[in-house]
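Have a look at the structure below, then the notes.
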Amino acid sequence: MMPGVNRRITGFNTAFGFVSIVLWSSTVALARSLSEQLGLLTAGALVYGLAGVLGCIVLGMRRRLGETLRALSPGFVLSCGALFVLYQLLLYLALGLSANRSQVLEVALVHYLWPMLTLFVAVMSLRLRPHPQFWLGGAVAMGGVSLVMIKSEGMSWQAFQSNLAHNAASYLCALAAAVTWAVYSAFGHRWLSEAHSRAVVTITC
């Protein structure tokens with residue numbers, strides 16, 4: 001492949017990466033807003049149903065839909081597919097059950113335990129022995145996120161405890177969503193292939 005073509009592909013991939021960050025960062029706000037307008041489960045079904053339809057259209061236009069679906073193994077569908085659906089269900093329930101938008105931020109903070117949980121599950125499943133600085137860095141990162149959110153919104157540990165006591169279901173759903181995503185991310189590589197990565201939205205929606 002020509003160097004110029006390689007640079008263009010790299011540029012497109014980088015641009016898509018930045019777009020994915022923007023989309024991911026808007027997940028909580030969008031999910032809460034849609035849940036308020038459409039209902040807890042209707043919002044999630046609409047978002048991922050539309051994503052599934054668009055995924056099928058894109059794969060169909062590239063004439064890869066049949067190939068992609070045939071490449072899906074039963075293990076991938078039953079394990080990763082179920083985990084992905086469960087994660088989305090728990091996430092929308094956690095955000096939709098929040099009493100107010102300030103509580104949504106606390107629930108989102110619980111949900112964003114998933115990066116550390118993902119590392120923990122991956123390390124355990126791969127039987128690795130990370131350096132202590134690995135865990136220290138993760139703890140510092142999560143502490144920084146917590147500090148920024150609390151300071152910026154005027155929240156406090158006492159308020160968090162009170163909200164947790166009065167609306168435990170929302171926080172438990174957020175924690176369960178974080179654990180589910182961590183397991184999905186850590187174990188998905190067992191059935192992962194290029195075809196699987198193209199079909200994940202289609203099969204789960």
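Per-structure values
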quantity: The range 45-150: trypsin sites (Lys or Arg not before Pro) in DSSP coil with no more than 10 other Cβ atoms inside 10 Å; calculated: 63, 127
quantity: Shape call, the range 25-204: gyration tensor on alpha carbons, a/c limit 1.5; calculated: oblate
quantity: Difference of contour (0.36 nm per residue) and Cα-Cα distance, residue 42 to residue 22; calculated: 4.9 nm
quantity: By average C-beta atoms within 10 angstrom, highest first, the peptides 19-27, 87-95; calculated: 87-95, 19-27
quantity: The range 27-129, Cα convex hull volume normalised per residue, Å³; calculated: 128 Å³
quantity: In Hz, Karplus ³J(HN,Hα) per residue of the range 49-57 (6.51, -1.76, 1.60; θ = phi - 60°; x = Gly, Pro); calculated: x, 5, 4, x, 5, 5, x, 5, 5
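A short reminder: the numbers here are calculations on the coordinates, not readings from a lab. No experiment lies behind these values; they were computed from the predicted model shown. Cβ coordinates were reconstructed from backbone atoms using ideal geometry, including for glycine residues, and neighbour counts include every protein chain displayed.
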